[in-house]
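This report refers to the structure that appears directly beneath it.
None of the figures in this text is laboratory data; all of them are computed from the coordinates on show. On a predicted model such as this, the values are computed, not experimentally measured, just so you know. Cβ placement follows ideal geometry from the backbone for every residue including glycine, while neighbour counts extend to all protein chains displayed.
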Amino acid sequence: MAQRLMQNLRRWIPRALAGVLTVGVLYLVLAPTGRYLLRAAYEEGKILARRQPIAVLVTDPAVPTATRAKLGLVLAARSFAEDSVALDAGESFTTFSRLDRDTLVLVLSGSYRDLLKAKTWWFPVVGRVPYKGYFDFAAARRARQGLEADGFDTHLRPASAFSTLGFFNDPLLPTTLRQDSLDLVNTVIHELTHNTFYAPGEAVFNESFANFVGARGAAWFYRVRGDDAAARAVEARWDDERLLGRFWGRLHHVMDSTFDAHPGDSLRARRLVLRDSLYAAARGELSRLQPLLQTIAPAAIARVRLDNATLLARRTYSTELELFDQVWLREGRDLRATIRRMTAIAEEADEPFDAVRAWVAGTPVVIPPDSSRHEQGNDRSGG
């Protein structure tokens, strides 16, 4: 009996595996998500195939001097992120890949026009996310047109960098290298934060948290190097992000409350009228905030779109930014301890922001000695 069972298993296991493989191939070829993943894999494969070691490029006299300086800065930021901030760098940002074009990927997000409800997409490993990246720009524009035809607000924007969450050796790309030195260091630390911690299905928390780590980590990086002017410039940009984050948070609350107060299909027209009125008022508030911004030009503020898709896209990267700073203050401005605390809380929570707020409410601020403040970076606004 046992011998017959083993013979049957040897016969059926290969057949079962072949069946699973066939289903997987058919899914990739026939299903829209499968074809999308195939295209993404193809583009990622091209990027990985073109990798060149940055350590070699920084010593190559054929590489322009300014480029070599920036590549050296990337290596320094990567080492700092790994050694001082204790992020999981893996092999990310040890190589450089050239691209065929100036823009890496277009990112599409969408929202219902009369509700603050995002269009979401599901992907393996990362779960459900409120955006979708397109290497095929024509496909991105078609997808945007399709969403708009279905009654969605849309937000389509370029992205200069992305993370595979440590699954691959993410190379540095020319789109990232074009950033100024401050944003370049910020981006390296931001992306390595995703390698270190990524909560599936919690895109807003993940991106906002990485924004915090990137900003505070970049300021610390420059202060350790003795470049206080650069550190202060990074902090000024972070101050502006927090200020705009508060604006987006207030607007989100007002819009959400208004929509909730007028529920149902019969009141959809009323919601749309109120929406337009509220966004007109928000435009005025944004104009009044502009003189308070230290690093963002008036023309850039004037170009900001105001609709549901833009609001939700902005909130993905700027939700509760001051909450992360409050944890940082309670950890004595120790960024490593803050990251450990945040990840420990988020890993155990169904709703990470609620869990962090609860921890902050029950924990006093730690006042570090002056030397610690200097090492980790001052918060000029007091948090």
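For the stretch 251-334, the set of GluC sites (Glu not before Pro) satisfying both a DSSP loop assignment and a count of at most 10 other C-beta atoms within 10 Å is empty. Proximity of backbone amide H atoms, modeled 1.01 Å from N, is registered between residue 93 and 170, 172 at under 5 Å, excluding neighbours fewer than 5 places apart on the same chain. For the stretch 52-59, the Karplus equation 6.51 cos²θ - 1.76 cosθ + 1.60, evaluated at θ = phi - 60°, returns couplings of 10, x, 5, 4, 7, 5, 5, 10 Hz by residue, with Gly and Pro reported as x. Each distinct pair of alpha carbons in the stretch 165-204 adds a 1/r term; the inverse of their mean, the Kirkwood radius, is 11.3 Å. Straight distance only, please: which lysines reach the Cα of residue 119 with their own Cα at less than 30 Å, same-chain residues fewer than 8 apart left out? Of all the lysines, those that pass the test against residue 119 - Cα under 30 Å, at least 8 places apart if same chain - are 46, 132.
Distant-in-sequence amide contacts of residue 123, defined by a placed amide H-H separation under 5 Å and a gap of 5 or more residues or a different chain, comprise 128, 129.
Relative contact order for the stretch 225-334: what percent, with Cα pairs under 8 Å and sequence separation of 6 or more? Mind showing how you got there, number by number?
On the way: 49 pairs, mean separation 45.6, N = 110.
Computed over the stretch 225-334, the figure is 41 percent.
In terms of packing, defined here as the mean over residues of other Cβ atoms within 10 angstrom, the peptides 76-84, 257-265 line up highest first as 76-84, 257-265. Contact order for the stretch 69-208, expressed relative to its length and based on alpha carbon pairs under 8 Å spaced 6+ residues apart, stands at 34 percent. Based on the Kirkwood approach, the hydrodynamic radius assigned to the stretch 178-235 is 11.6 Å, with every pair of different Cα atoms included.
Run the dipole for the stretch 184-247 about the Cα centre, Lys and Arg Cβ at +1, Asp and Glu Cβ at -1, nothing else charged, and hand back the magnitude in debye, nearest 20.
160 debye
Each peptide among 104-114, 146-156 gets the average number of other Cβ atoms lying within 10 Å of its residues, and from highest to lowest they stand as 104-114, 146-156.
Between the stretch 225-303 and the stretch 187-208, the alpha-carbon centres lie 23 Å apart. Fully extending the segment from residue 113 to residue 302, taken as 0.36 nm per residue of separation minus the present Cα-Cα distance, adds 65.9 nm. Give me the net charge for the shell around residue 144: Cβ to Cβ below 12 angstrom, other residues only, Lys and Arg +1, Asp and Glu -1. Here the charged neighbours net out to +2. Within the shell defined by Cβ-Cβ distances under 15 Å, the residues around residue 347 carry a net charge of -4, with Lys and Arg each +1 and Asp and Glu each -1.
Based on the Kirkwood radius over alpha-carbon pairs, what is the Stokes-Einstein translational diffusion coefficient of the stretch 173-278 at 25 °C with 0.890 mPa s viscosity, in µm²/s?
D, rounded to a whole number, is 150 µm²/s.
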